[in-house]
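Structure, as structure tokens:
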Protein chains: 4
Amino acid sequence: MKKLTEAQIAEHMKALPGWELGTDRILRKYRFKDFVEAFAWMTGVALIAERMNHHPEWRNVWATVEVELTTHDAGGLTEADMKLAAKMDELNRLD
Amino acid sequence: MKKLTEAQIAEHMKALPGWELGTDRILRKYRFKDFVEAFAWMTGVALIAERMNHHPEWRNVWATVEVELTTHDAGGLTEADMKLAAKMDELNRLD
Amino acid sequence: MKKLTEAQIAEHMKALPGWELGTDRILRKYRFKDFVEAFAWMTGVALIAERMNHHPEWRNVWATVEVELTTHDAGGLTEADMKLAAKMDELNRLD
Amino acid sequence: MKKLTEAQIAEHMKALPGWELGTDRILRKYRFKDFVEAFAWMTGVALIAERMNHHPEWRNVWATVEVELTTHDAGGLTEADMKLAAKMDELNRLD
């Protein structure tokens with residue numbers, strides 16, 4: 001996995017309006033109706049992440065899930081982060 | 001939990017168009033986009049079922065889930081079955 | 001994925017004592033302490049299955065899970081079925 | 001739910017050796033073999049939490065899960081936190 005350039009990141013961010021750009025990472029806070037909706041979504045994401053062998057750093061408090069994506073091996077953002085972010089959004093029925 | 005009468009069951013079935021009435025049970029086959037969507041939904045249902053302490057009999061094959069609901073202790077259908085069926089439908093984003 | 005020969009299947013079955021050989025499939029019934037243990041295990045299996053892109057046919061009734069494994073594309077049993085069976089056993093804390 | 005006294009908390013902590021006492025909360029970091037083991041455990045915990053209607057604050061990064069338990073409505077620790085902590089430990093096959 002190759003680290004994306006600033007220009008590549010900027011291009012990807014256009015397609016991820018709910019996401020914020022941090023230092024070498026992208027972040028989003030998802031809000032669901034309740035814990036059931038939040039954890040069902042997390043399970044879907046977990047399956048996708050395991051299949052990609054690329055996992056999120058995430059924090060869940062009842063109906064909210066704060067996600068951070070980065071690629072440690074590349075020391076920054078890669079295509080895998082952008083792809084996982086897009087899949088997380090797609091699985092979010094409340095969007 | 002009290003077993004529902006035939007008239008009560010008929011009334012409930014009007015609100016559950018996707019479900020079929022079997023002998024002492026109701027049945028529905030859900031079809032999802034893929035295994036990820038199917039299992040994420042199953043996890044949401046599992047959380048609801050555990051909270052209600054009323055669990056489905058279900059069979060999953062990739063993107064399909066066949067559900068049967070009955071209340072063994074009552075020897076038939078009860079309010080719990082109808083409530084769980086409604087919650088399963090509600091959690092199904094494809095409906 | 002190539003269909004296994006009868007001799008290959010027999011060899012694999014030695015390492016899977018909890019499993020039964022059916023027609024073109026292997027079967028096992030797992031019994032857990034309760035629904036929580038059963039579904040937590042199912043989630044682990046779901047993650048493994050999604051990563052392998054090889055999924056079980058399974059039926060859950062509270063603390064029991066009946067599993068059937070086969071490879072439809074091969075018209076019988078393949079290495080993938082044997083590998084998934086071994087991983088299911090490994091994830092089962094009650095074994 | 002009534003907030004526990006310092007003496008009650010100290011008593012409970014004896015039975016929770018893996019846990020640390022923070023300000024109005026208890027904390028534990030679980031380490032699993034891999035993401036599959038971590039998320040399967042999280043799903044079991046999610047089911048228990050939903051049944052208790054008492055949820056953790058937790059952060060997952062691949063095979064680690066950092067948990068914080070507190071009872072917001074009580075402004076501190078209650079029996080529910082101690083019970084959930086004990087159940088989390090019990091579900092952890094690596095202990």
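The values are calculated or read from the model by the stated rules, or taken from the named source; none is laboratory data. What you see is a predicted model; the values in this text were computed from it and never measured. So basically every Cβ, Gly included, is an ideal-geometry build from the backbone, and we count neighbours across all protein chains shown. Heads up: the accessible areas ignore ligands, DNA and RNA and are worked out on the full protein's heavy atoms, side chains in. Shrake-Rupley method; radii C 1.70, N 1.55, O 1.52, S 1.80 Å.
Calculate the FRET efficiency for A:LYS3 and C:ASN53 from the Cβ-Cβ distance with a Förster distance of 22 Å, rounded to the nearest 0.05. Can you show the working numbers first?
Values: r = 28 Å, r/R0 = 1.28.
The computed FRET efficiency comes out at 0.20.
Take the alpha carbon atoms of chain C, find their radius of gyration, then divide it by 2.2 N^0.38 Å using N residues; give the quotient. Kindly include the intermediate steps, with their values, before the conclusion.
Values: Rg = 12.8 Å, N = 95, 2.2 N^0.38 = 12.4 Å.
Taking the Cα Rg and dividing by 2.2 N^0.38 Å, one obtains 1.03.
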Charge context of C:ASP73, other residues only, Cβ under 11 angstrom, K/R +1, D/E -1: +2
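Could you work out what % of the accessible surface of chain A is carbon and sulfur, using a 1.4 angstrom probe and leaving DNA, RNA and ligands out of the count?
Values: 2210 of 4540 Å².
Carbon-and-sulfur percentage of accessible area, whole number: 49.
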With Kirkwood's inverse mean 1/r over C-alpha pairs for Rh, give me the Rg to Rh ratio of the protein assembly as shown, two decimals please. 0.99
Under the convention of a label 7 Å out along Cα→Cβ, give the distances in nm from A:LYS14 to the same position in every other copy, shortest first. 5.3, 6.2, 6.6
By the scheme Lys and Arg +1, Asp and Glu -1, what is the net charge of all other residues having a beta-carbon under 12 Å from that of D:ALA38? +1
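Roughly how big is the C-D contact, given as buried accessible area in Å² (both sides, 1.4 Å probe, nearest 100)?
Numbers: alone 6090 and 6090 Å², together 11060 Å².
It comes to approximately 1100 Å² buried between C and D.
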So, for the protein assembly as shown, what is the accessible surface per residue at a probe of 1.4 Å, expressed in square angstrom? 48
What distance in nm lies between label points placed 7 Å from Cα along the C-beta direction at C:LEU21 and A:ALA63? 5.4
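Please tell me the relative contact order of chain A in percent, rounded to the nearest whole number, where contacts are Cα pairs under 8 Å and at least six residues apart. Write down the numbers at each step before the final one.
On the way: 124 pairs, mean separation 33.9, N = 95.
RCO, chain A: 36 percent.
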Comparing the chain by itself with all protein chains present, which residues of the range A:12-48 are at least 40 Å² less accessible (probe 1.4 Å)? A:PHE35, A:VAL36, A:PHE39, A:ALA40, A:THR43, A:ALA46, A:LEU47
